[in-house]
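As structure tokens, the structure follows; a few thoughts come after it.
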Amino acid sequence: MKQSIKASGKLFLGGLAGFLFFTLTSHPKSIVHKKLPNKQVKRISVFPHIKVHSKDRHLHLHHWFNFSILYAFLLAIKSIRKKNPFLHGLFLGSIVQGLSYKDRFKFFHSTSENKK
């Protein structure tokens, strides 16, 4: 019983950490987000967002999408699956936070949208 309460607490703290981290770093109006550097390699932005640019539009790979894929791999690794509830919470909090945005399912954006 004590073990499951402890694991639930770690899961909750991890979820809270993931949610707060991405609230601070991904929201466009966040002071932290405004101070993050932009890193780009040719037509691919790798930080703070992953975007693939073309002439008239770009593909935005949202952090919730990236973390969902990584979390699926995490769940597939049996040795990690049960050992670290904080890590599970971190992934789940990051995914939930990303899904809270209204454009969460919009992956393709025209370049003219950015200039508004």
Among 35, 106, 55, which is the only one that is exposed (fewer than 15 other Cβ atoms within 10 Å of the Cβ) and free of Cβ contacts under 8 Å to residues at least 12 places away in the same chain? 35
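Looking at region 1-30, which of its residues are of a type in the set (Val, Ile, Thr) and over 20 Å from residue 62 (Cα atoms)?
5
When you scan region 1-57, how many residues do you find that are in a helix (DSSP H, G or I) and either over 14 Å from residue 85 (Cβ atoms) or among the basic types (Lys, Arg) (or both)?
Of all residues in region 1-57, those in a helix (DSSP H, G or I) come to 2-26, 31-35.
Right, trim to either over 14 Å from residue 85 (Cβ atoms) or among the basic types (Lys, Arg) (or both) and you get 2, 6, 10, 19-26, 31-35.
Residues meeting the conditions: 16.
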Cβ-Cβ under 7 Å, sequence separation 6+ or interchain: first residue in region 65-88 and surrounded by 13 or more Cβ atoms within 10 Å (Cβ to Cβ), partner modelled with pLDDT of 85 or more and assigned to a loop (DSSP other than H, G, I, E, B). Which pairs? none
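The values are calculated or read from the model by the stated rules, or taken from the named source; none is laboratory data. It should be emphasised that the depicted structure is a prediction, and the values quoted were computed from it without experimental measurement. FYI the Cβ positions are ideal-geometry reconstructions off the backbone, even for glycines, and counts take in every protein chain you see.
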